[in-house]
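The block underneath contains the structure these notes are about, expressed in structure tokens.
The values are calculated or read from the model by the stated rules, or taken from the named source; none is laboratory data. For clarity, every value in this text was computed on a predicted model and none was experimentally measured. Glycine gets a Cβ as well: all are built from the backbone with ideal geometry, and neighbour counts include every protein chain shown.
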Amino acid sequence: MRILLASSSSGSRGGGELYLLYLGRALAQRGHTVLLWASDHPRMDELANSFSGIGEVLRSPYRNTYDLRGRSISSYLNLRSVGQLAREWKKANPEILHVNKQNLEDGLDLLHAARRSHLPNICTIHLTQSAGYLKAKMAPARDFIARRALQNYHNSLVTVLENRRQDLTAFIGESPRIRMIPNGVPLYDIARRPIVREAKRADLGIANDELLVIAVGRMVAQKRPLEFLARAEEVLRHYPKAKFLWVGDGTLSAAWDEWVEAHQLGKTIRRLPWRNDVPSLLMAADVFLHVAEYEGLPLAILEAMSAALPCAIASHLLAEMPFLDATNSLSVADDGAWMDMLQDHGRLHAIGAASRNLVEEKYSYAKMAEAYEALYHEALGKP
């Protein structure tokens with residue numbers, strides 16, 4: 001099958017964009033020809049370069065919704081680009097077009113172009129919380145436009161989590177078009193974990209008996225890196241030898257640096273820019289700490305679970321991820337009870353092993369690709 005993955009092009013480091021890399025790789029391993037279409041904006045260069053090892057990459061002078069002054073309203077009314085997009089996609093001659101949207105309101109012009117192209121197509125949406133829920137500016141108008149565009153799109157809309165499916169149903173109404181396919185990640189070779197752990201800790205200058213807590217993500221308000229720092233400060237009162245590491249950067253990087261410097265914790269709390277050895281860093285850590293404000297189904301958590309790394313997750317997020325419970329995760333709540341388990345090595349090992357088993361059973365990228373393959377055949381009217 002010849003499959004064109006079309007990105008709404010918000011950036012190379014968002015989980016929704018990395019998902020395209022994982023899905024493309026898994027589909028190629030299943031024997032399909034996979035292409036990526038993305039904006040020619042420099043922020044998409046990293047994803048495009050990574051995808052080039054999987055399949056052909058098509059770049060376009062497309063402007064993401066959040067590059068437009070009128071945001072979703074401008075995107076929805078961007079009729080001039082719709083015809084051009086449809087022609088570009090038809091020229092690539094795919095059997096199936098798969099549009100990838102970060103949230104409800106971005107890429108509304110992509111949905112219109114998908115209809116205009118007359119190609120069999122589906123769309124995945126990672127974040128289904130409404131503008132009203134997120135307390136965004138002009139939320140009623142933005143939700144009205146997004147709802148209208150999604151209701152006018154008559155093909156399958158895929159969410160990545162059951163709660164997100166329920167959100168979308170509440171937003172546009174009950175419909176058999178709404179499906180749920182969980183995100184998937186590679187299965188890391190955890191047999192190598194002891195060797196990788198020792199080498200990576202030596203690189204970082206962290207002793208084997210020091211508790212290492214790690215986070216991976218963009219330094220933006222949604223991910224709450226400053227809340228991570230507050231939690232780190234709490235842990236340090238109980239475990240003075242603990243170390244903390246954040247991998248990623250963004251608009252809050254300067255605020256992070258100022259906080260660390262003001263608290264004189266530069267030797268204890270560090271951040272690293274984006275890098276390619278994240279699996280090794282996950283294997284070197286003892287706990288993965290995730291305290292974001294809201295999520296879809298975060299690849300960062302699934303990757304940590306794939307590395308058999310126990311995840312400590314904000315309690316409000318755990319409430320939206322029913323596949324996680326006390327056997328395979330820690331709940332980060334204000335009572336601080338989760339910190340009592342950070343030195344219980346037996347408990348942490350059991351949680352990490354359980355989370356790895358869960359990824360093997362349900363959240364590998366091979367299983368994700370298999371589910372999408374079935375949906376593509378359905379869109380094509382094939383058995």
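Being surrounded by 15 or more Cβ atoms within 10 Å (Cβ to Cβ), among the hydrophobic types (A, V, I, L, M, F, W, C), out of contact with any helix residue (DSSP H, G or I) (no Cβ under 6 Å at 6 or more places or on another chain) and part of a helix (DSSP H, G or I) holds for only one residue in ALA232, ALA202, and it is ALA232.
A single entry from GLY14, GLY31 fulfils the requirement of being within 24 Å of GLY184 (Cβ to Cβ) and modelled with pLDDT under 90: GLY14. I'm trying to understand the selection: among the residues of the stretch 224-239, which are touching a residue at least 24 places away in the same chain (Cβ under 8 Å) and under 25 Å from the mean Cα position of the chain (by Cα)? ARG224, PRO225, LEU226, GLU227, PHE228, LEU229, ARG231, ALA232 - these are the residues of the stretch 224-239 that are touching a residue at least 24 places away in the same chain (Cβ under 8 Å) and under 25 Å from the mean Cα position of the chain (by Cα). Of all residues in the stretch 104-127, those satisfying the criterion of being under 17 Å from ASN155 (Cα atoms) and either in contact with a Gly (Cβ under 6 Å, 6 or more places away or on another chain) or polar (S, T, N, Q) (or both) are SER117, ASN121, THR124, HIS126.
Would you mind stating whether LEU272 is surrounded by fewer than 21 Cβ atoms within 10 Å (Cβ to Cβ), closer than 14 Å to VAL216 by Cα, of a type in the set (A, V, I, L, M) and touching a strand residue (DSSP E or B) at 6+ places or on another chain (Cβ under 8 Å)? Yes; evaluated as a whole, the condition is true for this residue.
For the stretch 314-331, taking the residues that are surrounded by fewer than 24 Cβ atoms within 10 Å (Cβ to Cβ) and among the aliphatic types (A, V, I, L, M), the one that is farthest from SER130 (Cα to Cα) is identified as ALA326. Of the residues that make up the stretch 246-261, is at least one outside the structural domain of SER130 (by TED's automatic domain parsing), assigned to a loop (DSSP other than H, G, I, E, B), touching a residue at least 40 places away in the same chain (Cβ under 8 Å) and closer than 16 Å to LEU212 by Cα? Within the stretch 246-261, none of the residues are outside the structural domain of SER130 (by TED's automatic domain parsing), assigned to a loop (DSSP other than H, G, I, E, B), touching a residue at least 40 places away in the same chain (Cβ under 8 Å) and closer than 16 Å to LEU212 by Cα. Against the test of being in contact with a Gly (Cβ under 7 Å, 6 or more places away or on another chain), under 24 Å from THR128 (Cα atoms), aromatic (Phe, Trp, Tyr) and surrounded by 14 or more Cβ atoms within 10 Å (Cβ to Cβ), the options TYR365, TYR372 yield a single qualifying residue, TYR365. For beta carbons closer than 7 Å, sequence separation of 6+ or different chains, a first residue in the stretch 34-63 that is without any contact (Cβ under 8 Å) to a residue 40 or more places away in the chain and a second that is part of a loop (DSSP other than H, G, I, E, B) and acidic (Asp, Glu), the qualifying pairs are ARG59/ASP40; SER60/ASP40; PRO61/ASP40. I need the full set of residues from the stretch 156-176 which are surrounded by fewer than 17 Cβ atoms within 10 Å (Cβ to Cβ) and not hydrophobic (A, V, I, L, M, F, W, C), in order please. Within the stretch 156-176, GLU162, GLN166, THR169, GLY173, GLU174, SER175, PRO176 qualify.
Quick check on my filter: what residues within the stretch 123-155 are over 14 Å from SER75 (Cβ atoms) and of a type in the set (S, T, N, Q)? The answer is THR124, THR128, GLN129, SER130, GLN151, ASN155. Of the helices (runs of 4 or more DSSP H) lying entirely inside the stretch 25-98, the ones with 2 or more residues being surrounded by fewer than 18 Cβ atoms within 10 Å (Cβ to Cβ) are found at 45-51, 79-91. Figure legend. Inter-residue proximity from the stretch 194-221: first residues in the same structural domain as LEU282 (by TED's automatic domain parsing) and in contact (Cβ under 8 Å) with a residue 24 or more places away in the chain, second residues polar (S, T, N, Q) and not in a helix (DSSP H, G or I), beta-carbon distance below 6 Å, spacing 6+ or different chains. Indicated pairs: VAL220/THR251.
Being within 16 Å of LEU36 (Cβ to Cβ), crowded, with 23+ Cβ neighbours inside 10 Å and at pLDDT below 95 is a condition met by no residue of the stretch 127-142.
Against the numbered list (1) over 24 Å from ALA374 (Cβ atoms); (2) touching a helix residue (DSSP H, G or I) at 6+ places or on another chain (Cβ under 7 Å); (3) of a type in the set (Asp, Glu), ASP40 comes up short only at (2). Tell me, which residue of the stretch 210-223 that is within 15 Å of the chain's Cα centre (by Cα) and part of a loop (DSSP other than H, G, I, E, B) is nearest to PHE288 (Cα to Cα)? Filtering first and then ranking leaves GLY217.
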